[in-house]
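Trainee: What follows is a structure written as C-alpha cells; I'll ask about it next.
A short reminder: the numbers here are calculations on the coordinates, not readings from a lab. Nothing here was measured: the structure is a model prediction, and the numbers come from that model. No Cβ is skipped: glycine too gets one built from the backbone with ideal geometry, and neighbour counts run over all protein chains shown.
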Amino acid sequence: MFGFRFSVKCAAAALAAVFLASGATSLQAQFLHPRRETNANRRARIERIIQDTYAHKWEVGGGGGYLRFRSGEDLQKNNEVTFWLSGTRYFTPKLGVLADVRGAYGNAKVGNTIFNINNPQISEYTFMAGPNYRFYQREKYAVSVFGTVGAGIGKFDSGSKRIPAQDLGIWPSETRAVFSVGANLDYNFYPNLAFRVTPTYLGSTWGGTIQNNLGVNLGIVYRFGRIK
C-alpha cells in the first residue's frame with residue numbers, strides 16, 4: 001500500500017512538473033515572441049476609431065484667444081484677449097452648422113486727449129452662425145473650415161468716463177453686422193474629446209466701415225450623440 005501511494009505521489013509530481021514547465025515555456029515564448037498586430041488588423045482598428053470619432057452629432061467647445069482689432073478709423077490696432085463658446089450640429093461626418101459667441105476685451109490706442117483719457121477700455125461681443133465643413137479626418141487629427149455671419153455689439157464707451165466714444169476717435173457704441181471665416185484644427189485625445197486651435201478672420205462694420213481683424217482661439221471640444 002505504501003508503495004502504491006508513493007507511486008501515485010511521484011506521478012502527480014511529475015505531471016505537475018511537466019505542466020509548470022510547459023506553462024513557463026509558453027510564457028517565455030510569449031515574452032520573447034509577442035503576437036504582432038497585422039497591418040490589416042491595424043488598419044481596421046484605426047478605421048473603427050475614425051468612424052467612432054466622427055459619427056458624433058454634436059460638438060460643443062470653449063476657450064480663449066487673441067484678436068488684433070482696429071478700434072477707430074484713425075487709430076492704431078490694439079491687442080485684445082478673447083473668449084469663445086461654440087456648438088456644431090453635424091448632419092453627416094463632414095457637414096454641419098456652427099453657432100458661436102465671442103467676446104473681446106482691450107484698450108483703444110487713443111493716446112492723450114483733451115479729456116484726460118488715455119487708452120480707454122473697450123469690448124465687443126459677436127453672435128454668429130453658418131456652415132462648417134470637415135474636409136480632413138484621421139485618428140488623431142481633423143481640419144474643418146467655416147463661414148459665419150451675425151451681429152456684433154460694440155461697447156466702446158466702457159472706459160471713456162461718459163465721453164462719447166466717437167469724440168475720442170473710437171467707433172460709436174452700437175450693434176452692427178459681423179462675419180467670420182476660419183479653420184478648426186483638432187487634436188483628438190479621445191474620440192469624444194479634442195484640443196482645438198482656430199486661426200480666424202473677423203470682419204466687423206462698426207462706424208459704417210469694414211474692419212479686418214485677425215486672431216486665434218484655443219480651447220477644448222467635447223463630442224456627443226450619434227448621427228443617424
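Trainee: Identify the residue in the stretch 90-101 that is more than 15 Å from the chain's Cα centre (by Cα) and of a type outside the set (Phe, Trp, Tyr) and, among all such residues, is nearest to GLY147 (Cα to Cα).
Mentor: Among them, the one singled out is VAL97.
Trainee: Kindly establish whether ALA44 is under 17 Å from the mean Cα position of the chain (by Cα) and of a type in the set (A, V, I, L, M).
Mentor: Criteria not met by ALA44.
Trainee: Also: Over 18 Å from ILE153 (Cα atoms), touching a residue at least 60 places away in the same chain (Cβ under 8 Å) and of a type in the set (A, V, I, L, M), is that true of LEU75?
Mentor: Considered against the rule, which asks whether it is over 18 Å from ILE153 (Cα atoms), touching a residue at least 60 places away in the same chain (Cβ under 8 Å) and of a type in the set (A, V, I, L, M), LEU75 comes out as yes.
Trainee: Can you name the number of the only condition in (1) without any contact (Cβ under 8 Å) to a residue 24 or more places away in the chain; (2) under 24 Å from GLY65 (Cβ atoms); (3) exposed (fewer than 14 other Cβ atoms within 10 Å of the Cβ) that PRO164 fails?
Mentor: (2)
Trainee: If you don't mind, there's one more thing I want to ask. Being surrounded by fewer than 16 Cβ atoms within 10 Å (Cβ to Cβ) and in contact with a Leu (Cβ under 7 Å, 6 or more places away or on another chain) narrows it down to one of TYR141, TYR133, so name that one.
Mentor: From the options TYR141, TYR133, the qualifying one is TYR133.
Trainee: Taking the stretch 159-207, which residues are in contact with a helix residue (DSSP H, G or I) (Cβ under 9 Å, 6 or more places away or on another chain), closer than 20 Å to LYS109 by Cβ and aromatic (Phe, Trp, Tyr)?
Mentor: Within the stretch 159-207, TRP171 is the sole residue that qualifies.
Trainee: Can you report the number of residues in the stretch 174-206 which are crowded, with 18+ Cβ neighbours inside 10 Å, closer than 17 Å to ASN78 by Cα and among the small types (Gly, Ala, Ser)?
Mentor: Of the residues in that region, 1 qualify.
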